[in-house]
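None of the figures in this text is laboratory data; all of them are computed from the coordinates on show. Nothing here was measured: the structure is a model prediction, and the numbers come from that model. When we count neighbours, we look across all protein chains shown, and the Cβ atoms used for this are built from the backbone with ideal geometry, even at glycine.
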């Protein structure tokens, strides 16, 4: 994830109004250009979103695939676009996205964002109180799940043959063989 060379401090409002054909995340007034997702990244995102959305039919929580803005702290000039966001408290929803900590955030790693997702966003999500944070690695076909307990994240790792119980969505199970299934070339 590349920080843009900038002379300007960007506000949250500036971020909302950017319209140059690129996607950015904002961290303490600095813009970070987001790479275009690969086909594989999008397949994983769509399958996970589909499984969650199917579970949520008729339930109060909502799932939002990127682009969907998340502003963890009001008054701070920071905003992210997680790959998948689940929000159960509808009072946090605005026309721009989510204000406050979502219940579940899923980030799918790409070479340019891996460090940012694993460290910077991890700490921001923890500090904000995101109840569950998943980091999906398409290369190793693994998912690291971090569940919030007493102000700390407890980690558990899953492989491509596993299923994952979404702890913030009682009864929702993600089938990783479907998530990591290879698509045919036909």
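Every condition in (1) surrounded by 15 or more Cβ atoms within 10 Å (Cβ to Cβ); (2) within 17 Å of the chain's Cα centre (by Cα); (3) farther than 20 Å from residue 111 by Cα holds for residue 50 except the one numbered (1). Of all residues in the stretch 72-83, those that are surrounded by fewer than 24 Cβ atoms within 10 Å (Cβ to Cβ) and either free of Cβ contacts under 8 Å to residues at least 24 places away in the same chain or in a strand (DSSP E or B) (or both) total 2.
Scanning the stretch 16-44 for residues that are more than 12 Å from residue 82 (Cβ to Cβ), assigned to a strand (DSSP E or B) and in contact with a helix residue (DSSP H, G or I) (Cβ under 9 Å, 6 or more places away or on another chain) yields 24, 26, 27, 31, 32.
Against the list (1) touching a strand residue (DSSP E or B) at 6+ places or on another chain (Cβ under 8 Å); (2) within 20 Å of residue 93 (Cα to Cα), the condition residue 33 fails is (2). Across the stretch 45-66, the qualifying residues are those that are assigned to a loop (DSSP other than H, G, I, E, B) and touching a strand residue (DSSP E or B) at 6+ places or on another chain (Cβ under 9 Å), and the one among them that is farthest from residue 11 (Cα to Cα) is 61.
Every listed requirement among (1) under 13 Å from the mean Cα position of the chain (by Cα); (2) under 23 Å from residue 54 (Cβ atoms) is met by residue 169 save one, (1).
Residues in the stretch 54-71 that are more than 21 Å from residue 121 (Cα to Cα), surrounded by 15 or more Cβ atoms within 10 Å (Cβ to Cβ) and free of Cβ contacts under 8 Å to residues at least 60 places away in the same chain: 62 alone.
Hey, which of the strands (runs of 3 or more DSSP E) in the stretch 88-180, taking only ones fully inside, have at least 3 residues that are surrounded by 15 or more Cβ atoms within 10 Å (Cβ to Cβ) and in contact with a strand residue (DSSP E or B) (Cβ under 8 Å, 6 or more places away or on another chain)?
97-99, 104-108, 132-137, 142-149
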